[in-house]
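I have placed the structure first, in the form of structure tokens, so that the comments after it can refer back to it.
Every number in this text was worked out from the coordinates using simple rules, so none of it is lab data. Predicted model only: the values in this text are computed from it and were never measured. Here the Cβ positions follow ideal geometry from the backbone for every residue, glycine too, while neighbour counts run over all protein chains shown.
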Amino acid sequence: MDYVIERDGTPDKIGVPIAFIELAWRRYTKHSKNKAQEISGAIMPIAEKYKEYAPFKGVILSGVFTDPSLKQLENQGFNILYIPFEKIVNVFQKYGVDIYFDENTSEQELSVIVDRFKNCTVLDKIAQELIDSNKKEICSFVGALELSIKKQIDYIFVLPLHGKEMRFNSLNSAISYITEYSNIPKDATIDRYVVGIFFNDGSQINCVFKDKLMAIDFLKRNSQYAN
């Protein structure tokens, strides 16, 4: 993991993880799908572990990534900042520095490119140009991150599920039971509590608890998001 943003963390204490951000570079399309899967495999299990905090999942990518690989990450809830290889090459070229290479570039030519980069005296200007030329994408990513970090609760729903398990030996019997079911039986008890928190950044947390104290504890742990 490249970056983890925590809330209430100290040098001696691990805080609550509220954002996971991975950085990646790929030059060729044949590697982009594998890298996307690698990123997903690294972040998704951790995000799932801390799902009760609805953490931000972000990737900052550069080089060459195919549309399907980007779509795959997007469908998994990742916020993406992507700067294509051509944009980087063009910015360097603007300052007279040629860094283009492909699969046919020899090791000797790559060494020349590396030396050209190391000896560049305008890297600060190039960095600023990269920021300026990708300002829209950067602002969108940073804005989503900021909104996630500062998110507040929009509303909460609590669904107490009452019931008593009924078992049937036939589909018709089950259908008849559902058809005739109208009121909660007198001997019904609380089976579980479904609790959902919806935030103003569009994220949400849904949890199921067998015990009301656990549900209350969950809500208290999210008090930092209250208005």
Which of the lysines could a cross-linker span from Lys35 if the Cα-Cα distance has to be under 29 Å and same-chain partners fewer than 8 positions apart are dropped?
Lys49, Lys51, Lys57, Lys71, Lys87, Lys118, Lys135, Lys136
Can you list the lysines whose alpha carbon sits under 16 Å from that of Lys164, skipping same-chain ones fewer than 8 residues off?
Lys186, Lys210
In what sequence do Cys207, Cys139 fall when counting other Cβ within 10 Å, fewest first?
Cys139, Cys207
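Among 95-102, 108-115, 193-200, what's the highest-first ranking by average C-beta atoms within 10 angstrom per residue?
On the way: 95-102: 13.0, 108-115: 11.4, 193-200: 17.0.
Listed from highest to lowest mean packing, they are 193-200, 95-102, 108-115.
Quick one: putting +1 on the C-beta of Lys and Arg, -1 on the C-beta of Asp and Glu, what dipole do you get for segment 153-225 around its Cα centre, in Debye to the nearest 20?
Working: 8 positive and 8 negative charges, 42 e Å.
Computed charge dipole of segment 153-225: roughly 200 debye.
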Options (i) 0.93; (ii) 0.95; (iii) 1.16 - which one matches Rg/Rh (Cα atoms, Kirkwood Rh) as calculated here
(iii)
Expected 222 nm ellipticity per residue - DSSP helices of 4 or more, -39500 (n - 2.57), all of the chain, to 500
-13500 deg cm²/dmol
Segment 46-96 and segment 107-184 have their Cα centres apart by a whole-number Å value of 12 Å
Förster radius 35 Å - calculated FRET efficiency between Arg27 and Asn227 (Cβ-Cβ, nearest 0.05):
0.15
For Glu6, residues with placed amide H under 5 Å, excluding near neighbours:
Ile18
For the Thr66, Gln152 Cβ pair and Förster radius 35 Å, calculated FRET efficiency rounded to 0.05 is 0.45
Give the residues of segment 136-174 whose amide nitrogen is closer than 19 Å to a point set 7 Å from the Cα of Tyr50 in the direction of its Cβ.
142-153
Restricting segment 1-61 to chymotrypsin sites (Phe, Trp or Tyr not before Pro) in coil, as DSSP defines it, with at most 16 other Cβ within 10 Å:
Tyr28, Tyr50
Amide H of Arg27: which non-local residues (sequence gap of 5 or more, or other chain) have their own amide H closer than 5 Å, using H built in the peptide plane?
Val64
Estimated distance in nm for a label pair at Asn104 and Lys125, the labels positioned 7 Å out from Cα along Cα-to-Cβ:
3.2 nm
Sparse-neighbourhood loop hits (GluC sites (Glu not before Pro), segment 144-227; DSSP loop; Cβ within 10 Å at most 12 others) -> Glu165
